[in-house]
Structures are given as structure tokens and as C-alpha cells.
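A.B. asks: Would you mind keeping the following structure in view while I ask a few things?
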Amino acid sequence: MNLSEQDIDRIVQMAWEDRTPFEAIEAQFGLPEKAVIALMRSQMKRSSFEMWRKRMNGRTTKHQALRDDTVDRFHCSQQRSISLNKIAKR
């Protein structure tokens, strides 16, 4: 799959966000969790990638099936609106 620099930038941003589940990234860009992890590894310094993996490991908000039913959005309510994001525009 060929991703533009803008798409890669957005995927990295979505992966860093605590509330954005991997399923949302897959729905928008067609990348499953393992592909997102591989992309993050290739786009980040090793120490940054390890810090991200440590933070994401076991985080229930990153997996739709593990989320609490009260979480009904993909991003923080104080986050500015994101342009070019198909999920946010639904």
C-alpha cells in the first residue's frame, strides 16, 4: 500500500492519541494494528518507539473491544477539529 507523507503523518498522530483505537486507523487507512506498529517503528527513533509501545501496551482505549461503553469519541473533547479525517466527519 502506498501512503502519502500526509497519510503517514496522520497515522502517526492517530497512533499517538490515547483515545483513537487501532480499529479507527484500520477503517480509515486499511492498516491493521501490526502494520501500524511496523509503520511507527520505521518512522520513529528507537527510544521514541519504545516509549510509545510501553504506553500503548495494555491501554484499553486503543482497542474498540476493550473500551468502556462510556467512551463515545475518538479524540479528546478539547482537541481541535482535524481536517481530512474521514472518521471525525461521520
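The values are calculated or read from the model by the stated rules, or taken from the named source; none is laboratory data. As the structure is a computational prediction, the values presented were derived from the model and not from experiment. For neighbour counting, all protein chains shown are included, and Cβ atoms are generated from backbone atoms with ideal geometry for every residue, glycine included. Just the protein is used for accessible areas: all its heavy atoms, side chains included, with ligands, DNA and RNA removed. Shrake-Rupley method; radii C 1.70, N 1.55, O 1.52, S 1.80 Å.
A.B. asks: Is there any pair with a first residue in the range 9-26 that is closer than 15 Å to residue 57 by Cβ and a second that is among the acidic types (Asp, Glu) whose Cβ atoms are under 9 Å apart and which are 6 or more apart or on different chains, and what are they?
C.D. replies: 22/33
A.B. asks: Restricting attention to the range 40-58, which residues are among the hydroxyl-bearing types (Ser, Thr, Tyr) and touching a residue at least 12 places away in the same chain (Cβ under 8 Å)?
C.D. replies: none
A.B. asks: State whether the residues of the range 30-50 include one that is modelled with pLDDT of 90 or more, under 25 Å from residue 2 (Cβ atoms), in contact with a Lys or Arg (Cβ under 9 Å, 6 or more places away or on another chain) and open to solvent by 70 Å² or more (accessible area, probe 1.4 Å).
C.D. replies: yes
A.B. asks: Looking at residue 26, is it open to solvent by 70 Å² or more (accessible area, probe 1.4 Å) and either touching a Cys at 6+ places or on another chain (Cβ under 9 Å) or modelled with pLDDT of 65 or more (or both)?
C.D. replies: Numbers: open to solvent by 70 Å² or more (accessible area, probe 1.4 Å): yes; either touching a Cys at 6+ places or on another chain (Cβ under 9 Å) or modelled with pLDDT of 65 or more (or both): yes.
In short, yes.
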